[in-house]
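The values are calculated or read from the model by the stated rules, or taken from the named source; none is laboratory data. Quantities reported herein were computed from a predicted structural model and do not represent experimental measurements. Quick reminder, even Gly has a Cβ in these numbers, built from the backbone with ideal geometry, and neighbours come from all protein chains shown. Please note that ligands, DNA and RNA were not included when accessible areas were found on the heavy atoms of the full protein model with its side chains. Shrake-Rupley method; radii C 1.70, N 1.55, O 1.52, S 1.80 Å.
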Amino acid sequence: GGKVFADQQVVVTQPAAGQFKAFSAVCTHAGCTVGSVSGGTIVCPCHGSKYKITDGSVVQGPAPRPLAEKSVTVANGQLELGS
């Protein structure tokens, strides 16, 4: 699963229990903000691009590149994004 934080332009996923990944929420195709996380993919509503929740790589185009990965850690039960 995962969640899109549109205000911060980041999407956080949980590929496995206790494992968190963070990526840019800006689609590499046309710059839209991705809209949801479903079925193991991050989905862009604009043109249907999909990315893997594990590494941000493209599963379905037209996106030409993966989503940029961001650092995320868990501290005191809170997710913290790196700068």
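Some values worked out for this structure:
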| item | result |
| --- | --- |
| Cross-chain or 6+ apart pairs with Cβ under 9 Å, the range 19-34 first and on the phi > 0 side of the Ramachandran plot, then open to solvent by 50 Å² or more (accessible area, probe 1.4 Å) | G31/C46 |
| Identity of the residue in the range 17-46, over 9 Å from the mean Cα position of the chain (by Cα) and closer than 17 Å to Q78 by Cα, that ends up modelled with the highest pLDDT | F20 |
| Residue list for the range 41-57, filter: closer than 19 Å to F20 by Cα and without any contact (Cβ under 8 Å) to a residue 24 or more places away in the chain | T41, V43, K50, K52, S57 |
| Residue list for the range 49-65, filter: over 18 Å from Q14 (Cβ atoms), open to solvent by less than 90 Å² (accessible area, probe 1.4 Å), modelled with pLDDT of 95 or more and part of a loop (DSSP other than H, G, I, E, B) | S49, P62, A63, P64 |
| Any hit, the range 25-39, residues being in a strand (DSSP E or B), touching a helix residue (DSSP H, G or I) at 6+ places or on another chain (Cβ under 9 Å) and surrounded by 17 or more Cβ atoms within 10 Å (Cβ to Cβ) | yes |
